[in-house]
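Read through the structure below, which is laid out as structure tokens, and then see the notes.
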Amino acid sequence: MKVFEVASPGAPAQEVDRPTPELACKEVLVRVTHSGVCHSDLHCAEGYFDMGDAGKAPVETLGMAFPLVLGHEIVGEVTAVGPDAGLTPGAEKYIVFPWIGCGSCGACQEDRENSCTGARRNISLQKDGGFAREVWLPDERYLIPVGDLDPSWAATLACSGLTGYSAVTKALTSEVDRPIAVIGTGGVGLSAVVLLKARGHKNIVAADVSEDSLKNAKAAGATSTVLTTGEDPVKDIVEAGGGKLATVIDFVNNTATSSIALGTLGTGGKLVSVGLFGGQLAFPTTLIALQQLKIEGNFVGSLPELRDLVDLAKSTELPQLPITEKPLEADEVNAALKAIDERTISGRTVLVAD
Ligand SMILES: [Zn+2]
Ligand SMILES: [Zn+2]
């Protein structure tokens, strides 16, 4: 089977041939028809994550090893199945759930595979991803039918959509009028604004350094917006929400935004940390205790959450990110990663097979 592998940190993706695996049990082989290109593919191709003052963490610390086959926003068709699988190969399109765990730890047993504490099998990290003609999956259960959804957009639900959905799940409380802020309303943050509204929240503060992003957030359902370049962004956010906040979802999550976020929270409030922009937490620890604040990290989401999101997408009109389709070829993988690096793309590039 042909894959587009990155041989070493910073090297371009190149098409190479790999042996096609013999399928056991409920394993499946999926022909990739649509493959989204995500910002984290760029981090992985470069070979490290930014850890703020702690420096750069090589991707090997996440159990990854070069050569890498990246790509985790995958839609495709089943071409072969193991002897125990119930699916039959055919032209039906499926979204691939890529955040696969070891299958046996406590988190995996509870269907929270994105919180796996064992040997993770995430597609595009520890296992080969969707910048390829075909992708192997350990079980057919990781496939969700695309139905009538646009397949390019459906592919993006597996990472950018799911991350927003799972962060919103952590953010929602029983009080729909208490303010929840979203910091960073570019791609994924914007989807969180949409999902907060779609799930019934009534007081959504969008905060960003860009007027354009705030305009988009307002159109997507934010009840108020705050430009965080002012003198006192904490005060501005609290005023916009009409009081101290229940939750802040921080899609930037750097030194500046995380302390702004914590400063706006009311008693018992929660910071949901999502962004991977790098930085250090700098906040009076006494206040964390006195105000009983919570900090919860969010990395993508679980298989049940992706199923719920796909159901929501099928039953509601969710606004869609702008998508640019390109042919599924190694050169286009490289061009799309370069465009993300140089910030010359807004929205998502999705690579589409013939
Ligand atoms: Zn991603
Ligand atoms: Zn596990």
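The values are calculated or read from the model by the stated rules, or taken from the named source; none is laboratory data. Every value quoted in this text rests on a predicted model; they were computed, and no experiment measured them. Counting neighbours? That spans all protein chains shown, and the Cβs are built from the backbone with ideal geometry, glycine included. For the accessible areas, the whole protein counts, side chains as well, though only heavy atoms, and no ligand, DNA or RNA atoms are used. Shrake-Rupley method; radii C 1.70, N 1.55, O 1.52, S 1.80 Å.
Within the range 231-274, being assigned to a loop (DSSP other than H, G, I, E, B) and surrounded by fewer than 22 Cβ atoms within 10 Å (Cβ to Cβ) holds for Glu231, Asp232, Gly242, Gly243, Lys244, Asn254.
For residues that are surrounded by 19 or more Cβ atoms within 10 Å (Cβ to Cβ) and either at pLDDT below 95 or assigned to a strand (DSSP E or B) (or both), tally how many sit in the range 110-151. Result for the range 110-151: 7. Taking (1) open to solvent by less than 20 Å² (accessible area, probe 1.4 Å); (2) of a type outside the set (Val, Ile, Thr); (3) in contact with a Lys or Arg (Cβ under 8 Å, 6 or more places away or on another chain); (4) touching a residue at least 60 places away in the same chain (Cβ under 8 Å) in turn, Lys170 satisfies each apart from (1). Scanning the range 13-35 for residues that are in contact with a helix residue (DSSP H, G or I) (Cβ under 6 Å, 6 or more places away or on another chain) and not in a strand (DSSP E or B) yields one hit, Lys26. Annotation note: Cβ proximity below 7 Å between a residue of the range 102-114 that is within 16 Å of ligand 1 (Cβ to nearest atom) and a residue that is hydroxyl-bearing (Ser, Thr, Tyr) (sequence gap 6+ or interchain) occurs for Glu113/Ser302; Asn114/Ser302. Ile100 meets all of the listed conditions (1) more than 11 Å from ligand 2 (Cβ to nearest atom); (2) β-branched (Val, Ile, Thr); (3) closer than 24 Å to Leu42 by Cβ; (4) part of a loop (DSSP other than H, G, I, E, B) but one, namely (1).
One residue alone among Gly10, Gly71 is at positive phi, surrounded by 17 or more Cβ atoms within 10 Å (Cβ to Cβ) and outside any helix (DSSP H, G or I), and that residue is Gly71. Of all residues in the range 20-41, none satisfies the criterion of being at pLDDT below 95 and farther than 26 Å from Val146 by Cβ. Residues in the range 322-348 that are among the β-branched types (Val, Ile, Thr) and either modelled with pLDDT of 95 or more or open to solvent by 70 Å² or more (accessible area, probe 1.4 Å) (or both): Val333, Thr344.
Report, by residue number, each residue of the range 50-67 that is crowded, with 17+ Cβ neighbours inside 10 Å and in contact with a Gly (Cβ under 8 Å, 6 or more places away or on another chain). It would help to see each step written out before you state the result.
Quick first cut of the range 50-67, residues crowded, with 17+ Cβ neighbours inside 10 Å only: 59, 64.
If the condition is that a residue be crowded, with 17+ Cβ neighbours inside 10 Å and in contact with a Gly (Cβ under 8 Å, 6 or more places away or on another chain), then Val59 is the only one that fits.
Filtering the range 190-217 to residues that are open to solvent by 20 Å² or more (accessible area, probe 1.4 Å), of a type in the set (Gly, Ala, Ser) and not in a helix (DSSP H, G or I) leaves Gly200, Ser210.
Condition check ((1) within 15 Å of the chain's Cα centre (by Cα); (2) at pLDDT 95 or above; (3) of a type outside the set (A, V, I, L, M, F, W, C)) across all residues:
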site: Ala155; (1), (2), (3): yes, yes, no
site: Val168; (1), (2), (3): yes, yes, no
site: Arg178; (1), (2), (3): no, yes, yes
site: Gly189; (1), (2), (3): yes, no, yes
site: Leu196; (1), (2), (3): no, yes, no
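Among the residues that make up the range 78-97, is at least one of them modelled with pLDDT of 95 or more, within 16 Å of ligand 1 (Cβ to nearest atom) and either open to solvent by 20 Å² or more (accessible area, probe 1.4 Å) or of a type in the set (A, V, I, L, M) (or both)? Yes, there is a match, as at least one residue in the range 78-97 is modelled with pLDDT of 95 or more, within 16 Å of ligand 1 (Cβ to nearest atom) and either open to solvent by 20 Å² or more (accessible area, probe 1.4 Å) or of a type in the set (A, V, I, L, M) (or both). As for the range 231-248, it holds no residue that is within 16 Å of ligand 1 (Cβ to nearest atom) and in contact (Cβ under 8 Å) with a residue 12 or more places away in the chain.
Counting only residues that are farther than 21 Å from Val69 by Cβ and either free of Cβ contacts under 8 Å to residues at least 24 places away in the same chain or not assigned by TED's automatic domain parsing to the domain that holds Pro12 (or both), the range 324-347 holds 4 of them. Of the residues making up the range 36-55, not one is assigned to a strand (DSSP E or B), under 16 Å from Asn254 (Cα atoms) and without any contact (Cβ under 8 Å) to a residue 60 or more places away in the chain. Apart from one condition, Val252 fits all of (1) at pLDDT 95 or above; (2) within 30 Å of Tyr48 (Cβ to Cβ); (3) under 23 Å from the mean Cα position of the chain (by Cα); the exception is (1).
When Leu62 is tested against (1) at pLDDT below 95; (2) away from ligand 2 (no atom under 16 Å from the Cβ), just one condition goes unmet, and that condition is (2). Only one of the numbered conditions (1) surrounded by 18 or more Cβ atoms within 10 Å (Cβ to Cβ); (2) under 22 Å from Tyr165 (Cα atoms); (3) not hydrophobic (A, V, I, L, M, F, W, C) is violated by Gly279, and that is (2).
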